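Please read the structure below before turning to the comments.
The values are calculated or read from the model by the stated rules, or taken from the named source; none is laboratory data. Since the model is a prediction, treat every value here as computed from it, not as a measurement. When we count neighbours, we look across all protein chains shown, and the Cβ atoms used for this are built from the backbone with ideal geometry, even at glycine.
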Amino acid sequence: MTTANPEKLLNKPLRIVFVLPSLLRAGAESQVVNLINNLDPALFEMHLVVFERQLDQLDRVNRKIVHFHHYLRRHRYDISPAIQLARLIDRHQIDIVHCSLQISLFVGWLAIRISRHNPKLILALHTTLNRDKRTDLFDKFFYQFLMRSCTKVICVCKAQETHWQTKFPFLCKKTEVIYNGVDTEWFTPYKTDQSGSQLRKKLGIPDHAFVACCIAAFRPEKGHKILLRTFRDVIKKHPEIFLILAGDGVLRQEIETYSRAIGLSKKIIFLGLMTDVRPVLSASDISIIASTAVETFSIAMLESMAMRVPMVATNIGGTAEAVRCNQTGLLVSPGNGDELAAAMTYMIEHNIKRKRMSYKCRKVILAEFTNEMMVKNTTHHLRQK
């Protein structure tokens, strides 16, 4: 096996392959696309490998600077994506294999062992609390041993770094924190105010009504049922409130049926998958995260705050590192419907305070969580010896 000379690497573009399971419209996938589209092609020769069927965000990938490869995994135990990745590593003499999410780590790790070349292995973690004990066991008895092979493990917030270092102390020497970032030119309230008004009109929502939104995939850990039960309680006191749900997923039909069963079909609007969520945010007074697991440092949270929409969010992962209580939003305990109801009610009843939060939201994003900062920090860590 051959190893590239680190001194020479600093004088030419690093050849790096990013490995993702899919290109679903979800947080980790969006973050990777944002990153590779903005890394300097003079510093990096970039390849993107995806091995699942979902390619929802392929149109967002800048194919002028990113070489895309789709190595489809045909069944759960199919290792052919790793074999094809190994060939790519050898053919292009790849310097770094950058894997996002644990299943990608397995594919990248196996590919390096099959290949003749010896690139660095980097893992970008996007989870904190797992959704079930089975996943915890996979981490303990399988993935931790793959993590030991990594040169670096990138965390997207400090709380996540602390969680994983506590879980596996050997990571103390491997982790780096690089916060997720958001495109503040794209997500700006000044360009989309009219689209929010138009969306309200289209959906039949009065101008004076209070609108909450939740932009999240319909998965168990996203807490949609808790949110709907809470919304039912809040609406009894404040009938002029609407809830917009944007996203898709395996539980969408079940949640839609549940909303009708508890009599909320006229007050909850399901928009499905949105390629552009800015009109939803422009139409909303608050944005809600009701997640009970997995959530670490939400891209939807950063997009909402960049659009000056304050948050009501469960205190999970690193959410508190952006949602500062009474400054950019309110934090509640995961799974606690009473706290969620109280926070939503507070936002409805304290209009001046909420507007102060909205301006603070964008200031925090501009100061700490921009795409430019994420790209600069990632570039620094990737090019370290």
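The set of residues in segment 245-295 that are over 17 Å from the mean Cα position of the chain (by Cα) and among the small types (G, A, S) comprises S259, A261, G263, S265, G272, S282, A283, S284. Taking (1) touching a Pro at 6+ places or on another chain (Cβ under 9 Å); (2) aliphatic (A, V, I, L, M); (3) not in a helix (DSSP H, G or I) in turn, A212 satisfies each apart from (1).
The number of residues in segment 305-359 being assigned to a strand (DSSP E or B) and of a type in the set (S, T, N, Q) comes to 1.
For every residue, the table says whether it meets (1) among the aromatic types (F, W, Y); (2) under 27 Å from T296 (Cα atoms); (3) touching a Pro at 6+ places or on another chain (Cβ under 7 Å); (4) not assigned by TED's automatic domain parsing to the domain that holds A217.
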{"residue": "R15", "(1), (2), (3), (4)": "no, no, no, yes"}
{"residue": "L23", "(1), (2), (3), (4)": "no, yes, no, yes"}
{"residue": "D59", "(1), (2), (3), (4)": "no, yes, no, yes"}
{"residue": "I103", "(1), (2), (3), (4)": "no, yes, yes, yes"}
{"residue": "A111", "(1), (2), (3), (4)": "no, no, no, yes"}
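For H238, the requirement of being under 28 Å from A320 (Cβ atoms), crowded, with 23+ Cβ neighbours inside 10 Å, touching a residue at least 40 places away in the same chain (Cβ under 8 Å) and of a type outside the set (D, E) is not met.
Each residue in segment 76-104 was checked for being within 25 Å of the chain's Cα centre (by Cα) and not in a strand (DSSP E or B), and 8 of them qualify.
Among the residues of segment 56-75, those that are within 19 Å of the chain's Cα centre (by Cα) and either within 18 Å of L43 (Cα to Cα) or surrounded by 14 or more Cβ atoms within 10 Å (Cβ to Cβ) (or both) comprise D56, Q57, L58, R60, V61. Just one residue in the set I94, I103 is in contact (Cβ under 8 Å) with a residue 40 or more places away in the chain and more than 25 Å from T166 (Cα to Cα); that residue is I94. Would you check which residues across segment 268-296 are assigned to a loop (DSSP other than H, G, I, E, B) and touching a helix residue (DSSP H, G or I) at 6+ places or on another chain (Cβ under 8 Å) and list them? Selection gives M274, V277, A283, S284, D285, A290, S291, T292, A293, V294, E295, T296.
So, of the residues in segment 126-152 that are hydrophobic (A, V, I, L, M, F, W, C) and closer than 20 Å to L85 by Cβ, which turns out to be surrounded by the fewest Cβ atoms within 10 Å (Cβ to Cβ)?
Step one: filter segment 126-152 for residues hydrophobic (A, V, I, L, M, F, W, C), giving 129, 137-138, 141-142, 145-147, 150.
Of the ones still in play, those that are also closer than 20 Å to L85 by Cβ are 142, 145-147, 150.
Numbers: F142: 13, F145: 10, L146: 17, M147: 22, C150: 20.
Only one residue tops the list, namely F145.
Scanning segment 177-187 for residues that are surrounded by fewer than 16 Cβ atoms within 10 Å (Cβ to Cβ) and either part of a strand (DSSP E or B) or not acidic (D, E) (or both) yields a single hit, W186. Restricting segment 297-320 to residues that are surrounded by fewer than 24 Cβ atoms within 10 Å (Cβ to Cβ) and touching a helix residue (DSSP H, G or I) at 6+ places or on another chain (Cβ under 6 Å) leaves a set whose member that is modelled with the lowest pLDDT is I299.
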